[in-house]
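Below: one structure, written as structure tokens.
FYI, it's all coordinate maths here, none of it is from the lab. Please read these numbers as outputs of a predicted model, since none were measured by experiment. Neighbour counts run over all protein chains shown; Cβ positions are idealised from the backbone, glycine included.
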Amino acid sequence: MATMTMAKALNAALADAMLDDERVVVFGEDVGQLGGVFRITDGLQARFGDKRCFDTPLAEAGIVGFAVGLAMSGLRPVVEMQFDAFAYPAFEQIASHVAKLRNRTRGALSVPIVIRVPYAGGIGGVEHHCDSSEAYYAHTPGLKVVTPATVEDAYSLLREAIDDPDPVVFMEPKKLYFGSAEAELPARKEPFGRAVVRRAGTDATLIAYGPAVPVALEAAEAAREEGWDLEVVDVRTIVPFDDATVTASVRKTGRCVVIQEAQGFAGVGAEIAARVQERCFHALHAPVLRVSGLDIPYPAPMLEHTHLPSVDRVLDTVARLQWDDQPDERWVAA
Amino acid sequence: MTTTPEAVRRASPRTRRPATPATPAVPDPSAGLLPRTEPVRLLNPDGTPLPARDDYPEPPVEALREMYRRMVVGRRFDVQATALTKQGRLAVYPSSRGQEACQVGGVLALRDTDWVFPTYRESMALTARGIDPVEVLTLLRGDWHCGYDPTVVLTAPQCTPLATQCVHAAGLAYGESYQGRDTVALAFIGDGATSEGDFHEGVNFAAVFKAPVVYFVQNNKYAISVPLSRQTAAPSLAYKGVGYGVPSEQVDGNDPVAVLAVLNRAVAHARAGKGPYLVEAHTYRMEPHTNADDQTRYRDAEEVEAWRDRDPIARLEAYLRNRGALDDAAVAAIAEEAEAYAAALRDRMNAQPEVDPLSLFDHVYAEPTPQLVEQRDQVRAELAAARVEEGDA
């Protein structure tokens, strides 16, 4: 066991993947000599050479489209989008080609690309640097969408993403990059599609992913003072989604709050809430509630803490889970 | 008092300065990148040859005969495909009539081991490459998106999102050379799509990574209804290469001999490891954008008629006849082959294709997700219920 950051774990995953499979190539903006603006690719060019890890022109559609061609030639490209909102120029390549080539060709052509996207806020970033863009990708059939919340998951899920036969959008929560934890690498590879219970509890389930997982865990800890024993489920892979783990937890606790940092309307949390109520209706003692970012463009840094799901907001929401079996007065017609 | 520019120049101290010794000429950094100021042409519109030139040697006569054969078959295929839309066998068909020299030249310049990145207007090119025409038309018939196996015929699926294939071609070509293979990628693109960002990103990536790609622009003068003048203020589309450091050429796209000669040079350049090459062919789309388009709203019949005199097939036929490489019997034999090709296509397209709703779930991922398995089970149950109802009826 050693103490390490998520950034280091991601770096180790890339290095180990490049070592194990010479088809793996890493490229993007500033990923070479600089090692990426977050240093996730630090040292890879020096170690593996500038054919395996290289800088590209500053053009995101170009980067992803180039990766499509490289994958067609038999390589395993891992590309970095420098920031969430900077990936938008690549969206056509991602939605029309990366996601669809296997389907369009009846499986003849697959493009197993990993698109790494540092995402979400809480870092005091100026505009266009803090978007939670996971719903765009999760809404696109053909993509797998993964987001780690722990140091060991960062390693194991990235290794799995690189080995996966399908394209993966790998969403890295920026605010968790430099938090340290005890971790042992190489961590066991985690198959996609398995959520994990991070904290066992009996009274209600908090479902979260990526940057919202530490918030959920902190809220669960604080809830003990209120007398609630909360379970926390970390989704880990948004696509494929693990209905089984989520459903088992909510059937056990009978209450559920879904937490995401992204704006709420039409988001991943909405999908999760819908799936939970479809599958757990008879076990539920209260409507499934959501805590999400506000339905606003990501705010300027001095205002971001009003936007982000906080422990208090989670606890306030847990309090509305009809503990007295009375309907939430907000939803009762006057 | 007005001052004329002439007066300013006369009064300028510069003109009174004694002559300075000539400074050594700085080599023009764009030398070798700019296209000829006139499109390369080796045949007159009537098929008579222009003087031979060193920069673009004429392809061997056997290659030109083969080009003629594929162009004749290709045009007959194109006519048949348009007819199939009228019979309801194709949802839509974008014709490339008039562009036969480009469609055939683009694939004839390549080896079987090279890759082609076509658009939706390249059905003729793909059949000329030898791909089964039914597989080529699968997209437009509507039973699946791509009917051929790209990894077998080394041809990407026909690309509908404009210019996106330009970047794929750069990546594929770079990946091939990275792995020690001498593959060339040829990306077809239309004039309108050169306005898309991915054209520029593709050419730029190919140039920066010295990827062996030929970007082949068929400038057929229209993007659906929008004329070239609304796409660019450049002298011609071939001038777009110089900004990326990519050598470029423009060619008379209705002169089959020149098209093949220019593409041969471009492909050789790429294969020699010198990086990408941009070729613009000036041609003309003789038909509407697709069978669903109404071209009377944006161009005159006279304009279209004027291009009939520049027909690429008649031009090559006249030339080959004059050279003694083609006679009545050969022309008739090729026409017969084209008819047989079209008849076989018509027969095969008359068969109703089998489609399986359950196959919708097969190739979304390598393995279907649990959610897709659930949806497949639901569709299977719906189908079974429908069969029971049919049985009851």
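Projecting the Cα atoms of B:Met124, A:Pro141, B:Val364 onto the charge dipole of the protein assembly as shown, computed from C-beta unit charges around the Cα centre, puts B:Met124 farthest toward the positive end.
Across q = 0.19 Å⁻¹, region B:279-393 modelled as identical point scatterers on its alpha-carbon atoms has Debye log10 I(q)/I(0) values of -1.15, in the order of the q list. Note on region A:196-331: percent of Cα-Cα distances in each 5 Å bin, starting at 0 and stopping at the bin with the largest distance, equals 2, 11, 22, 25, 21, 12, 5, 1, 0. State the dimensionless ratio Rg/Rh of region A:1-76 (Rg: radius of gyration of Cα atoms; Rh: Kirkwood radius). In region A:1-76, Rg relative to Rh is 0.99. Comparing B:Ala233, B:Ala128, B:Ala292 in a Gaussian network model of chain B, where Cα atoms under 10 Å apart are tied by springs, the biggest mean-square fluctuation is seen for B:Ala233.
Quick one: order B:Arg315, B:Arg97, A:Arg194 by neighbouring beta-carbon count within 10 Å, fewest to most. Don't skip to the answer; put the middle values down first.
Values: B:Arg315 24, B:Arg97 17, A:Arg194 13.
Fewest to most other Cβ atoms nearby, the residues stand as A:Arg194, B:Arg97, B:Arg315.
For region A:257-334, the mean projected area of the C-alpha convex hull, equal to one quarter of the hull surface, is 6.2 nm².
When both region B:205-226 and region B:322-344 are represented by their alpha-carbon centers, they are found 32 Å apart. Sketch the reach of a paramagnetic label on B:Val226 as a point 7 Å from Cα along Cα-to-Cβ, and name the residues of region B:164-204 whose backbone nitrogen lies under 15 Å away. Answer for region B:164-204: B:164, B:190-200.
Trypsin sites (Lys or Arg not before Pro), restricted to region A:2-106: which are DSSP loop and have at most 12 other Cβ atoms within 10 Å?
Details: sites: A:Lys8, A:Arg23, A:Arg39, A:Arg47, A:Lys51, A:Arg52, A:Lys100, A:Arg102, A:Arg104, A:Arg106; in loops: A:Arg23, A:Arg39, A:Lys51, A:Arg52, A:Lys100, A:Arg106.
Those satisfying the criteria are A:Lys51.
The residue among A:Thr56, A:Leu284, B:Pro235 whose Cα reaches farthest toward the positive pole of the charge dipole of the protein assembly as shown, with charges on the beta-carbon of Lys, Arg, Asp and Glu, is B:Pro235.
Name the most mobile residue of B:Val214, B:Val257, B:Val152, meaning the one with the largest mean-square fluctuation, in a Gaussian network model of chain B with Cα contacts below 10 Å. Most flexible of the set in this elastic network: B:Val152.
How many angstrom lie between the Cα centre of region B:246-301 and the Cα centre of region B:28-98? The two parts, judged by their Cα centres, are 8 Å apart. Comparing B:Met124, B:Met71, B:Met349 in a Gaussian network model of chain B, where Cα atoms under 10 Å apart are tied by springs, the biggest mean-square fluctuation is seen for B:Met349. Computed from Cα atoms, the angle from the helix A:268-280 axis to the main principal axis of chain A rounds to 50 degrees.
Roughly how many debye, to the nearest 20, is the charge dipole of the protein assembly as shown about its Cα centre, given +1 on each Lys and Arg Cβ, -1 on each Asp and Glu Cβ, and no other charges? Could the numbers behind the result be given before it?
On the way: 73 positive and 101 negative charges, 458 e Å.
Computed charge dipole of the protein assembly as shown: roughly 2200 debye.
Tell me the relative contact order for region A:196-331 as a rounded percent, counting alpha carbon contacts under 8 Å between residues six or more apart. Don't jump to the answer; show the numbers that get you there.
Working: 242 pairs, mean separation 33.8, N = 136.
Contact order relative to length: 25 percent.
In chain A, the sites counted are GluC sites (Glu not before Pro) in DSSP loop states with at most 16 other Cβ atoms within 10 Å, and the longest stretch holding none of them, exclusive of the sites, is A:185-334.
Hydrodynamic analysis of region A:184-254 uses the Kirkwood radius over alpha carbon pairs. Inserted into Stokes-Einstein at 10 °C and 1.306 mPa s, it gives a translational diffusion coefficient of 126 µm²/s.
Taking GluC sites (Glu not before Pro) across region B:300-393, the ones in a DSSP loop with at most 14 further Cβ atoms lying within 10 angstrom of their Cβ are B:Glu354.
If you add up the charges near B:Gln103, with Lys and Arg at +1 and Asp and Glu at -1, over every other residue whose beta carbon is less than 12 angstrom from its beta carbon, what do you get? Charge balance near B:Gln103 sits at +3. Once C-alpha pairs closer than 8 Å and six or more residues apart are averaged by separation and normalised to the residue number of chain B, the relative contact order reads 22 percent. Rounded to the nearest 10 degrees, the inclination of helix B:312-322 to the longest alpha-carbon principal axis of chain B is 70 degrees. Computed from Cα atoms, the angle from the helix B:370-392 axis to the main principal axis of chain B rounds to 50 degrees. Computed from the alpha carbon positions, the gyration tensor of region A:2-183 leads to an equivalent ellipsoid with semi-axes of 23, 19, 16 Å, biggest first. In chain B, the convex hull through the Cα atoms has an average projected area of 30.5 nm², a quarter of its surface area.
Distance cut-off 24 Å, Cα to Cα: go down the list A:Lys8/A:Lys51; A:Lys144/B:Lys210; A:Lys100/A:Lys144; A:Lys144/A:Lys175; A:Lys51/B:Lys240 and report the pairs above it. Could you put the intermediate results ahead of the total?
Values: A:Lys8/A:Lys51 22 Å; A:Lys144/B:Lys210 32 Å; A:Lys100/A:Lys144 12 Å; A:Lys144/A:Lys175 22 Å; A:Lys51/B:Lys240 28 Å.
Correct reply: A:Lys144/B:Lys210; A:Lys51/B:Lys240.
Expressed as a whole percent, the proportion of Cα-Cα pairs in the protein assembly as shown lying more than 36 Å apart is 52%.
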